[in-house]
Amino acid sequence: MPAEPKPYEVLVVDDEKIVGESISAALADLCAICWAGSGESALELIEERHFDLIFLDISMPGLSGLEVLKRVKHLDYSMNVVMISAIDRAHEAVEAMKLGAFDYLTKPFSKEDVVEITKRVAGKRVLDSSLSLRLDEFKGRSDYQSIITQAPEMLTVFSEVEKAAASSCSILITGESGTGKELLAALIHKRSPRAKGQMVAINCAAIPAELLESELFGHEKGSFTGAHSRKIGKFEFANKGTIFLDEVASLRIDLQAKLLRALQERKIARVGGHEDIPIDVRLVAATNERLESLIEAGKFRDDLYYRLSVVPIYLPPLRERSGDIPLLASHFLKIFATEHKKRFKLFTPSVISLLDRYPWPGNIRELRNFVERTVILAEDKEVVDEPDIPFNLLFPEVEEPETFRFEDRGLKLAMDAFERHYVMKYLKKCRWNQSEAARRMKIHRNTLVRRMRALSIRP
């Protein structure tokens, strides 16, 4: 009876064969092991076949481990790479993590270390595969083709969309600006029994308050100056379909009352009219504000809030959508490279790592604008590297100090000057609350205290 295939394949890249032998001995019962004695031979193997895990030595003759890592990530960014380093080269292993390495081992390592890290990678692979299959179930449906994602966090969103779309209840989508709330509203409409009807979108914050009532409910001829004829409002136009109200938190209190009546009684009255007009619409509302806080401040009606949020759906920000930043950045790069007739095909791993660490306060909209500007400004070539990135776009609030021009000093002084200015900006913004500043900079407070001491920053 033939032996069952090994569960996954591992490549060990190290110029010392004894390292490969020790890892092989540790994983003999778990994996199929392959060994390469140089970076060049490793890349030849990687181009021919897929490996589930690569153990990669940092210090080798010829191509260094970091260079091999960069090329591996070019070929397949999702490939799991564990760096092997000597204790005195641990700083390079940390740099490798920024380039996309899964983890690193420091020599000398034990059998238990190798097994433990391999099991973690295996667990991640099984989880990724399971989540990918579940996401593929949604993405295989034509209505979902417009949403680019591989993030497991979006599974909850898609599940809620499927359940809510089947009904005619009101839905409230919450999330930061730029996360794609209108796109999600369109998906809800397409997946609903009302898909054959109209979906009408209106941004409540973009229309002057004195005109918004007419825009929503229509008006009769002569009802106000300039009303030369009868106008059908968006609610009537969307009858049997869906109406999407974006930035619903900006509605005036008097309009909130009229919207509540329309939802409760399924009737509207045009401005200047006396006739009640029956309507049959599904309302999807969206906001990037906390309506609970506005209710406490007396700026939003609690009864309207409960009517709107029969089914609340939270759309997570881009920084919380695992794996979506590289995916979307590459998607936008192809779009804008074609649009602007450039040759760009991909970002280097270091750029992907930089984009992945940036918090994207403007979310997908900001990322899209960033990629387009990069394509327009960068020199035409196939690969986008760090020098091509408009750095001031990622850190617009951190101006270059007027007394210190970065290009006039050495790299170390320039880095220190930028870091000092960056830290000072957040400290001032947080009124020198170190815990809050550290949270916003996504570092531990102790790290901030150490950097303040090193940079001679005192409250």
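The values are calculated or read from the model by the stated rules, or taken from the named source; none is laboratory data. None of these values were measured; they are calculated from a predicted model. Methodologically, a virtual Cβ is constructed for each residue, glycine included, from the backbone with ideal geometry; neighbour enumeration extends over all protein chains shown. Ligands, DNA and RNA are stripped out before the accessible areas are found, and what is left, the full protein with its side chains, is counted by its heavy atoms. Shrake-Rupley method; radii C 1.70, N 1.55, O 1.52, S 1.80 Å.
Label point of residue 64 set 7 angstrom out along Cα-Cβ; within the stretch 31-47, amide nitrogens under 16 Å from it belong to 39-40. Just check the stretch 342-389 against the gyration tensor rule for me: Cα atoms, a ≥ b ≥ c as the square roots of the eigenvalues, rounded for a/c under 1.5, and otherwise prolate or oblate depending on whether a/b exceeds b/c. Taking the square roots of the gyration eigenvalues as a ≥ b ≥ c, the stretch 342-389 is oblate. With a Förster radius of 51 Å applied to the C-beta separation of residue 275 and residue 156, the computed FRET efficiency comes to 0.70.
With both labels modelled 7 Å from their Cα along Cα-to-Cβ, the residue 379 to residue 18 distance reads 4.6 nm.
Annotation for residue 9 and residue 50: the two label points, set 7 Å from Cα along the Cα-Cβ direction, are 1.0 nm apart. Summarising the strand pairing of the chain, around 10 percent of its internal DSSP beta bridges are antiparallel.
Let me make sure I get this right: for the stretch 186-311, a, b and c are the square roots of the gyration tensor eigenvalues over alpha carbons, sorted descending. Under 1.5 in a/c it's rounded, otherwise prolate if a/b > b/c, else oblate. Which is it? Judged from the Cα gyration tensor, the stretch 186-311 comes out oblate (a/c at least 1.5, b/c at or above a/b). Heavy atoms of the protein chains alone define the surface here; on that basis the chain has 52 Å² accessible area per residue at 1.4 Å probe size. If r is the Cβ-Cβ distance from residue 446 to residue 183 and R0 is 45 Å, what FRET efficiency results, to the nearest 0.05? With R0 = 45 Å, the Cβ-Cβ based efficiency is 0.65.
Counting only DSSP beta bridges with both residues in the stretch 180-300, the antiparallel share comes to about 30 percent. Relative contact order, whole percent, for the chain stands at 12, derived from Cα pairs under 8 Å and 6 or more residues apart.
Overall form of the chain: prolate. Here a/c, set by the Cα gyration tensor axes a ≥ b ≥ c, is 1.5 or more, and a/b is the larger of a/b and b/c. For residue 357 and residue 229, a Förster radius of 60 Å and the Cβ-Cβ distance give a FRET efficiency of 0.60, rounded to the nearest 0.05. Gain on full extension, evaluated as 0.36 nm per residue between residue 429 and residue 167 minus their Cα-Cα distance, stands at 89.8 nm. Taking the protein heavy atoms of the chain in the context of the full set of protein chains, the accessible area attributed to carbon and sulfur is 52 percent at 1.4 Å.
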